[in-house]
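Everything below concerns the one structure shown next.
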Amino acid sequence: MTTSPKVAVVILNWNGRYFLEKFLPSVFNSSYSNIEFVLGDNASTDDSVSFVQQYYPKIRVVQNAENLGFAGGYNAVLEQVEADYFVLLNSDVEVTTGWIEPVIEMLEEEQNMAAAQPKIKSYHQRNKFEHAGSSGGYIDRFGYPFCRGRIVNHTEEDHGQYDNPTDIFWASGAALFIRSSVWRSSGGFDADFFAHMEEVDLCWRLKRMGHRIGVCPQSVVYHVGGGTLKTSNPRKTFLNFRNNLIMLQKNLLFWPACRVLFVRMWLDFFALILSLLKFKFGDAWAISRAHQSFLWNIFRTARKRRSYFGPFTRKGWYAKSVMWAYFAKGVRKFSKLERRGFLR
């Protein structure tokens, strides 16, 4: 009898007692047979670890000595986990029956596919896609991530319009399935990101290594979103703007990186001005600090650039500007983006 690949579902936690109590039952009752559950804790100060140890003794707990963020936290925890596949699952995610099997089956059939995600819907608006992943992640020519089902901050209702499994550019860190061998050979997340954009950076790196990224909408999960840092938090603004610039410098060829970063710095400046006009002074200062941090560390980032800049599948790359489509043309649905803008 053939044994199913071993899957480790790893939840990274930081003061998340509320979410663990609410969502662990659905995760712990997953139907997949060859499975291990791991709670990675980022030095929580609440009682979330003792709660899991008391009520879920079969869940293995790995504790970090300090809060290493999403990126560094997962890197440290996964060093201590052995499985064929890792599933990086946010603590604020409710899973559905049989959510693991379809994704593992797809990855087993597509051996050059390194990572994949399920369809991610909103926990609070269950008929809509959720911002962080929807039905697969894409990226435009200026480095702005978007999704099948989400452009900028507009999420679509799910009517099954994006239910076909397909190659994408990046898979969401909210529910990321990845081969453990590829995780280790790629080096995992860039710990300097701390949080936000690290999964896009990782997936881009995987593509540079010759791998594919996919989405399996036959698996469905529901994500609360903003469980650790709220959307309006200036810290989140800082990380999103800084990490996006770092990602572009790391993954684009030298001259394209120079051109794109020049444009992005100006676009970010306009976002700063807009924040000031809206009296969002915290966000404006966060964008300024993001640029300062990026420029201060530009040579450090340059040393991270890898030598594998050969051809890679551009599936999921949008050669036009998604921001122009959204703000100038009023495009609100992924399906309405210009088809000729998508490269293969």
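General observations
- Options 254, 241: the member that is at pLDDT 95 or above and either of a type in the set (A, V, I, L, M, F, W, C) or assigned by TED's automatic domain parsing to the domain that holds residue 290 (or both): 241
- Residue selected from region 304-325 under the condition loosely packed, with under 15 Cβ neighbours inside 10 Å and at pLDDT 90 or above, by the criterion nearest to the chain's Cα centre (by Cα): 319
- Residue match in region 89-103 (condition: assigned by TED's automatic domain parsing to the domain that holds residue 13, in contact with an Asp or Glu (Cβ under 9 Å, 6 or more places away or on another chain) and either among the acidic types (Asp, Glu) or buried (at least 20 other Cβ atoms within 10 Å of the Cβ) (or both)): no
- Candidates are the residues of region 197-236 that are β-branched (Val, Ile, Thr) and at pLDDT 95 or above; the one that is nearest to the chain's Cα centre (by Cα) is 200.
- Considering each residue of region 283-291 in turn, none proves to be exposed (fewer than 13 other Cβ atoms within 10 Å of the Cβ) and either within 26 Å of residue 343 (Cα to Cα) or not small (Gly, Ala, Ser) (or both).
- Residue in region 5-28 that is in a loop (DSSP other than H, G, I, E, B) and over 24 Å from the mean Cα position of the chain (by Cα) present: no
- Residues in region 70-104 that are within 22 Å of residue 130 (Cα to Cα), of a type outside the set (Ser, Thr, Tyr) and either modelled with pLDDT under 95 or in a loop (DSSP other than H, G, I, E, B) (or both): 5 in all.
- Scanning region 149-206 for residues that are buried (at least 20 other Cβ atoms within 10 Å of the Cβ) and of a type in the set (Asp, Glu) yields 156, 158, 190, 198, 199, 201.
The values are calculated or read from the model by the stated rules, or taken from the named source; none is laboratory data. Only a predicted model underlies this, so the values are computations on that prediction, with no experimental measurement involved. All Cβ positions, even for glycine, are placed from backbone atoms using ideal geometry, and neighbour counts span all protein chains on display.
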